[in-house]
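Novice: Below you will find the structure I want to go over with you.
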Amino acid sequence: MSDSLERLYLAVLAAKDLDPATSRTARLFQRGPSKMAKKLAEEAIEVVIDAVNGDSEAVIRESADLLYNLTVLWASAGVRPEDVWREMARREDLLGIAEKLPKSPMKLPKVASPRISARRPIVALEGRAARKRH
Ligand SMILES: N=c1c2ncn([C@@H]3O[C@H](COP(=O)(O)OP(=O)(O)OP(=O)(O)O)[C@@H](O)[C@H]3O)c2ncn1[C@@H]1O[C@H](COP(=O)(O)O)[C@@H](O)[C@H]1O
């Protein structure tokens with residue numbers, strides 16, 4: 001997927017200075033970021049409406065339009081696809097770390113209110129911190 005988005009991004013960059021009369025992309029660049037943002041938002045709304053209606057073919061078509069408009073906005077904002085991939089990789093790394101962490105919190109002794117038991121260590125830490133200050 002990233003390959004085709006990168007190709008689309010390059011096609012958008014190549015088209016941005018073409019004649020606005022013949023190129024939709026050049027027309028969007030001529031109109032500026034707010035028009036681009038409006039187009040992107042419209043496509044996003046179309047995707048969600050189609051998804052809610054269960055029309056998966058329309059979701060596919062509108063998603064392609066959405067991605068086109070997203071690459072136009074990236075190009076206008078000076079954001080490159082690799083910038084987005086880097087952020088996604090960073091999140092993937094973080095999630096990898098999260099997956100290695102224990103899924104359930106430390107088991108606490110059974111008490112009447114779990115809310116109170118969860119607070120206890122904080123109260124103890126505050127007390128210790130307060131003693132240190134004096
Ligand atoms: N990948 C796309 C692409 N995907 C979607 N779209 C257009 O974006 C439209 C979706 O927006 P809209 O629903 O608003 O279209 P519309 O209903 O015709 O409304 P208007 O935009 O005309 O107001 C689609 O109908 C497509 O025409 C695209 N337009 C261009 N590209 C590529 O962008 C590059 C530059 O193309 P030009 O912009 O034609 O120079 C080329 O590589 C193209 O293949």
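Novice: Would you point out which residue out of 17, 65 is more than 8 Å from the ligand (Cβ to nearest atom) and not hydrophobic (A, V, I, L, M, F, W, C)? Don't jump to the end; show me each part of the working.
Specialist: Working: 65 fails: more than 8 Å from the ligand (Cβ to nearest atom).
Going through 17, 65 in turn, the sole match is 17.
Novice: So, residue 57, is that one more than 17 Å from residue 80 (Cα to Cα), in a helix (DSSP H, G or I), in contact with a helix residue (DSSP H, G or I) (Cβ under 8 Å, 6 or more places away or on another chain) and open to solvent by 60 Å² or more (accessible area, probe 1.4 Å) or not? Can you show your working first?
Specialist: Details: more than 17 Å from residue 80 (Cα to Cα): yes; in a helix (DSSP H, G or I): yes; in contact with a helix residue (DSSP H, G or I) (Cβ under 8 Å, 6 or more places away or on another chain): no; open to solvent by 60 Å² or more (accessible area, probe 1.4 Å): yes.
Judged against the criteria, residue 57 is not a match.
So that you can scan it fast, the table gives a plain yes or no per residue for (1) at pLDDT 95 or above; (2) under 30 Å from residue 17 (Cα atoms); (3) among the β-branched types (Val, Ile, Thr):
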residue: 54; (1), (2), (3): yes, no, no
residue: 64; (1), (2), (3): yes, yes, no
residue: 70; (1), (2), (3): yes, yes, no
residue: 86; (1), (2), (3): yes, yes, no
residue: 103; (1), (2), (3): no, no, no
residue: 111; (1), (2), (3): no, no, yes
residue: 119; (1), (2), (3): no, no, no
residue: 123; (1), (2), (3): no, no, yes
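Novice: Follow-up. How many residues are assigned to a loop (DSSP other than H, G, I, E, B) and over 16 Å from residue 69 (Cβ atoms) if we restrict to segment 3-35? Give the derivation first.
Specialist: Step one: list which residues in segment 3-35 are assigned to a loop (DSSP other than H, G, I, E, B), which gives 16-23, 32.
With over 16 Å from residue 69 (Cβ atoms) added as a condition, the list becomes 17-22.
Of the residues in segment 3-35, 6 are assigned to a loop (DSSP other than H, G, I, E, B) and over 16 Å from residue 69 (Cβ atoms).
Novice: In addition: Scan segment 24-40 for residues that are surrounded by fewer than 17 Cβ atoms within 10 Å (Cβ to Cβ) and within 11 Å of the ligand (Cβ to nearest atom) and jot them down.
Specialist: 24, 27, 31, 35, 38
Novice: How many residues does segment 3-13 contain that are open to solvent by 50 Å² or more (accessible area, probe 1.4 Å) and more than 7 Å from the ligand (Cβ to nearest atom)?
Specialist: Summing the residues that are open to solvent by 50 Å² or more (accessible area, probe 1.4 Å) and more than 7 Å from the ligand (Cβ to nearest atom) in segment 3-13 gives 6.
Novice: Please tell me if residue 77 is of a type in the set (A, V, I, L, M, F, W, C) and either at pLDDT 95 or above or touching a Ser or Thr at 6+ places or on another chain (Cβ under 8 Å) (or both).
Specialist: yes
The values are calculated or read from the model by the stated rules, or taken from the named source; none is laboratory data. All values reported here derive from a predicted model rather than from experimental measurement. For neighbour counting, all protein chains shown are included, and Cβ atoms are generated from backbone atoms with ideal geometry for every residue, glycine included. Keep in mind that these areas ignore ligands, DNA and RNA; they rest on the heavy atoms of the full protein, side chains included. Shrake-Rupley method; radii C 1.70, N 1.55, O 1.52, S 1.80 Å.
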